[in-house]
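Student: Shown below is the structure under consideration.
The values are calculated or read from the model by the stated rules, or taken from the named source; none is laboratory data. Just so it is clear, the model here is predicted, and its values are computed rather than measured. Note: ideal-geometry Cβ built from the backbone for every residue, glycine included; neighbour counts use all protein chains shown. Protein only, heavy atoms only, side chains kept; ligands, DNA and RNA dropped before computing areas. Shrake-Rupley method; radii C 1.70, N 1.55, O 1.52, S 1.80 Å.
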Amino acid sequence: EVKVVESGGGLVHPGGSLRLSCEASGFSNSVLSMNWFRQAPGKERELVARIFPVSGTTNYADSVKGRFTISRGNGRNTAYLEMNNLKPEDTAMYSCNAGVFWGQGTQVTVSS
């Protein structure tokens, strides 16, 4: 069974940091890309960061460049999203996508 599971969300103060984890299991081979999306109530879903595991190439939304870092894990199809200098506008449900599969999402709330 293919499964994508995110973790690491929570409540942080502005300027704080969180590391999100995405573990994709059940794939016979490495996925082409792993992606982090986010969506806040009343807003469009946006692509935050993408990594191509084989090459290591990454892409970021302009709004998070310099603050967020996506990286790949070792043993499995795993992607991490290190989020630094968090802002209230980063508050959203963050979802991981691997191939055509999605995780359930993990909530990130940035508030004083």
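Student: Can you say whether Val54 is hydrophobic (A, V, I, L, M, F, W, C), under 30 Å from Ser112 (Cβ atoms) and out of contact with any Phe, Trp or Tyr (no Cβ under 9 Å at 6 or more places or on another chain), as far as the supplied structure shows?
Tutor: No; evaluated as a whole, the condition is false for this residue.
Student: Here's a follow-up. Taking the stretch 87-106, which residues are within 14 Å of the chain's Cα centre (by Cα) and within 17 Å of Gly15 (Cα to Cα)?
Tutor: Asp90, Thr91, Ala92 - these are the residues of the stretch 87-106 that are within 14 Å of the chain's Cα centre (by Cα) and within 17 Å of Gly15 (Cα to Cα).
Student: Tally up the residues in the stretch 61-112 that are free of Cβ contacts under 8 Å to residues at least 40 places away in the same chain, open to solvent by less than 70 Å² (accessible area, probe 1.4 Å) and more than 16 Å from Arg19 (Cα to Cα), please.
Tutor: Residues that pass the stated criteria total 2.
Student: Please work out which residue is surrounded by the fewest Cβ atoms within 10 Å (Cβ to Cβ), limiting yourself to the stretch 1-59 and to residues that are under 13 Å from the mean Cα position of the chain (by Cα) and more than 22 Å from Val100 (Cβ to Cβ).
Tutor: Arg19
Student: Moving to a separate point now. For Gly26, all conditions in the list (1) modelled with pLDDT of 95 or more; (2) more than 12 Å from Ala92 (Cβ to Cβ) hold save one; what is the number of the exception?
Tutor: Against the list (1) modelled with pLDDT of 95 or more; (2) more than 12 Å from Ala92 (Cβ to Cβ), Gly26 comes up short only on (1).
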